[in-house]
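Each remark here refers to the structure printed beneath this line.
The values are calculated or read from the model by the stated rules, or taken from the named source; none is laboratory data. What you are looking at is a predicted structure, and each value in this text was computed from that prediction instead of being measured. Here the Cβ is made from the backbone with ideal geometry for all residues, glycine too, and neighbour counts use every protein chain on show.
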Amino acid sequence: MLLKLLVNKIKSELRKNSNPERKAFLPSFFKTGKGEYGEGDKFIGVSVPDIRKIAKKYNDIDEHGIQELLYSEWHEERFCAWVIIVNRYEKYGDKTYWYKFAIKHISQLNSWDLVDTVVPRLIGDHLLDRPQKQFLIWSDNSSLWIRRIAMIATFPRIKQNDFPLTLKLSRKYLTDSEDLIHKATGWMLREIGKRDEKALLNFMDANHEKMPRIMVSYALEKISSEKKKKYMLNKKQIKN
């Protein structure tokens, strides 16, 4: 009874913070139309800061309540659940327990904002000093979101100037069919370049002719116009 009450309070508070304009805008922003990557997702219209405030308020909800929210049809309810999980991982209890909990429900990391919010701080952090095997398994998955998880989970390694795994996955994703994989790859390459421009440009020299245009654009965002010119003007780039 108490569990249901807490879950209902979270749902109620999310709806109290709904913004009609945001609710109308988000379905197109997250591409929820038929055949699009977010097909069927539903939105309440709550901002991320408001979701985080609500998650913090109800951070003590038990795992059954978290799980109910994780499997909600409403995007913000799933987001709130994942924020609670990350908070628990970072600040409370057994990190291994919450990592395993996240992996058990990894199918519910089913949007780019959920992946990008959760994965570096939880999955990537937990796997920081572990072998590459799990990343490589995920990189072969048929799910767009699992493949994106593999790439975004390398971010903590990049922050420690450890680039080989990210570069290996980047080469693998050159031929991926999904633009959200191209964008994630370009983002992680950009993060490498912010720490070691030479490492990024070496990768570009070896691979830019095979890179999708959006991947090139994301990767070179912080590079000077003069240096990026030869990569951006290459006629052999795949157009997105």
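Of the residues Ile44, Ile61, Ile54, the single one that is surrounded by 15 or more Cβ atoms within 10 Å (Cβ to Cβ), closer than 25 Å to Asn87 by Cβ and in contact with a strand residue (DSSP E or B) (Cβ under 7 Å, 6 or more places away or on another chain) is Ile44. For the stretch 182-194, the condition holds for no residue, the condition being that it is part of a helix (DSSP H, G or I), at pLDDT 95 or above, surrounded by fewer than 21 Cβ atoms within 10 Å (Cβ to Cβ) and touching a Pro at 6+ places or on another chain (Cβ under 8 Å).
Which of (1) at pLDDT 95 or above; (2) assigned to a loop (DSSP other than H, G, I, E, B); (3) farther than 23 Å from Asp116 by Cα does Glu39 not meet, given it meets every other one? That leaves (3) as the condition not met. Being assigned by TED's automatic domain parsing to the domain that holds Asp205, surrounded by 17 or more Cβ atoms within 10 Å (Cβ to Cβ) and either in a helix (DSSP H, G or I) or without any contact (Cβ under 8 Å) to a residue 12 or more places away in the chain (or both): is that true of Ile137 here? Considered against the rule, which asks whether it is assigned by TED's automatic domain parsing to the domain that holds Asp205, surrounded by 17 or more Cβ atoms within 10 Å (Cβ to Cβ) and either in a helix (DSSP H, G or I) or without any contact (Cβ under 8 Å) to a residue 12 or more places away in the chain (or both), Ile137 comes out as no. Within the stretch 9-36, being part of a helix (DSSP H, G or I) and loosely packed, with under 12 Cβ neighbours inside 10 Å holds for Ser12, Lys16, Pro20, Glu21, Ala24, Ser28, Phe29.
Sort out which residues of the stretch 99-113 are within 22 Å of His75 (Cβ to Cβ) and surrounded by fewer than 21 Cβ atoms within 10 Å (Cβ to Cβ), and write them in order of number.
The first filter runs over the stretch 99-113 and keeps only residues within 22 Å of His75 (Cβ to Cβ), leaving 101-113.
Phe101, Ile103, Lys104, His105, Ile106, Ser107, Gln108, Asn110, Trp112, Asp113 - these are the residues of the stretch 99-113 that are within 22 Å of His75 (Cβ to Cβ) and surrounded by fewer than 21 Cβ atoms within 10 Å (Cβ to Cβ).
Give the residues of the stretch 138-160 that are of a type in the set (Gly, Ala, Ser) and either touching a strand residue (DSSP E or B) at 6+ places or on another chain (Cβ under 6 Å) or over 16 Å from Trp112 (Cβ atoms) (or both), sorted by residue number. Matches in the stretch 138-160: Ser139, Ser142.
Val83 meets each of the listed conditions (1) over 22 Å from Lys11 (Cβ atoms); (2) at pLDDT 95 or above apart from (1).
Residues that are under 20 Å from the mean Cα position of the chain (by Cα) and of a type in the set (Gly, Ala, Ser) occur at least once in the stretch 29-44.
All told, Ser143 falls short of being crowded, with 18+ Cβ neighbours inside 10 Å and more than 22 Å from Ser225 (Cα to Cα).
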